[in-house]
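The values are calculated or read from the model by the stated rules, or taken from the named source; none is laboratory data. The structure displayed is predicted, hence computed values, not measured ones. Methodologically, a virtual Cβ is constructed for each residue, glycine included, from the backbone with ideal geometry; neighbour enumeration extends over all protein chains shown. In case anyone asks, the SASA skips ligands and DNA or RNA and just uses the protein heavy atoms, side chains included. Shrake-Rupley method; radii C 1.70, N 1.55, O 1.52, S 1.80 Å.
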Amino acid sequence: MLSNLYRFYNELLLVQKLLPLPLYIRWISGIKKYFNALITTKSLGLLDKSLNESFSINFNGKKLYFNNLDFGVIREIYGHLCYAQLGELKDAKHILDLGANGGAFTIFALTEAPQAQVYAVEAQSEFVNIIKHNVKQNFSENRVEVKCAVVGGFYDEWTQSLLKLNPQIQEFNIYEYIEGVGTCDFLKCDVEGGEFPLFQGDLSWTKAVKSMALEYHPNKGDVDKLEKILQLQGFIVKRADHKNLGYFYCIRE
């Protein structure tokens, strides 16, 4: 119980740093309303939903604007720095965002890597315009290319359902991307299980990747095997388990 209260207190401090005061007040005002649900679920999701329509954050001296995004994702990326630490991307020229969702990490990368071009890949077509809109609110669109494609192929019911909804959708060709940029300075991957088929077969493309942050989903594949595959590609791999998922942080030896 005490550990949960301590975690909740730290989360309040984190959110206070991110949100402008009026939005912070809106966010915390839900504590009384959802108190029992917060205690039962041990999740702040109900509070996060109060900001889903439109909000701004203060991050590293900049004000960033978002629409149609889950604030819980913002907390993880900008507060907990789940994919990259501050300053880690400052010299990056080419960043690949696999599983871009509404563009939260894409904008993080643009903020942290002022010289970078970001290539954002998202399988859900309804998110493509959201990414473009969120980027346009904060940066020049010339620094971002957005592609609607599936990462790892049509490997399960969810990806098959995407194909039925959008018969024109294709599998993302990472070989073509690498051929076009030469070197990928940072690869972020959160593709709901697509990480397992992505790292099968010919992995020669990984030689052009300097570092990666990869979210893994244990219910979708063999995490230990995936870790060994990454190590065989010459990466030093740090593994961080986190509830029902986890992260691989990979750098070159």
Top positive-direction residue, dipole computed over the chain with Cβ charges, set Trp158, His94, Leu5:
Leu5
Out of all DSSP beta bridges with both ends in segment 140-253, state the antiparallel percent to the nearest 5.
70 percent
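Averaged per residue, what accessible area in Å² does the chain show with a 1.4 Å probe, protein chains only?
Ligands and nucleic acids excluded, the result is 52 Å² per residue.
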Pairs to check: Lys220/Lys243; Lys90/Lys228; Lys17/Lys93; Lys90/Lys207; Lys136/Lys164. Give those whose C-alpha atoms are more than 18 Å from each other in this structure.
Lys90/Lys228; Lys17/Lys93; Lys90/Lys207; Lys136/Lys164
Would you mind calculating the relative contact order of segment 104-180 from Cα pairs under 8 angstrom and at least 6 residues apart, reporting the percent as a whole number?
28 percent
Residues of type aspartates and glutamates that Lys62 reaches as a straight line, Cα spacing below 19 Å, ignoring anything fewer than 8 places off in the same chain
Glu76, Glu88, Asp91, Glu112, Glu141
Taking the Cα centre of the chain as origin, sum charge times position over the Cβ atoms of Lys and Arg (+1) and Asp and Glu (-1), and report the length of that vector in debye to the nearest 20.
1000 debye
With just the Cα atoms of segment 140-220, tell me how far they stretch along each of the three principal axes, in Å, largest first.
33, 31, 23
Please report the orientation-averaged projected area of the chain, defined via the convex hull of its C-alpha atoms, in nm².
14.2 nm²
Given segment 1-143, what percent of its DSSP beta bridges are antiparallel, to the nearest 5?
55 percent
quick shape note, segment 1-130: Cα extents on principal axes in Å, largest first -> 45, 31, 26
First compute the accessible area of the chain with a 1.4 Å probe, then give the percent of it belonging to carbon and sulfur atoms.
52 percent
Binning every alpha carbon pair distance of segment 94-181 at 10 Å from zero, what are the percents per bin?
18, 49, 28, 6
Cβ-placed point charges (K, R +1; D, E -1), dipole of segment 167-253 about Cα centre in debye, nearest 20
300 debye
Mind giving me the FRET efficiency for Lys42 and Asp222? R0 is 22 Å, r the Cβ-Cβ distance, nearest 0.05 is fine.
0.20
I need to check one value: relative contact order of the chain, counting alpha carbon pairs closer than 8 Å and at least 6 residues apart, in percent.
12 percent
To the nearest 20 debye, what is the magnitude of the charge dipole of segment 1-86 about its Cα centre, counting +1 on the Cβ of each Lys and Arg and -1 on the Cβ of each Asp and Glu?
200 debye
Just subtract the alpha-carbon distance of Lys17 and Asn67 from 0.36 nm times their residue separation and send over the number in nm, one decimal.
16.1 nm
For the pair Ser56 and Leu203, the simple spin-label estimate (label points 7 Å beyond Cα toward Cβ) gives in nm 4.4 nm
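Quick one: of the DSSP bridges fully inside the chain, what percent are antiparallel, nearest 5?
DSSP beta bridges in the chain are roughly 50 percent antiparallel.
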Centre separation in Å (Cα based) which lies between segment 131-150 and segment 55-74
15 Å
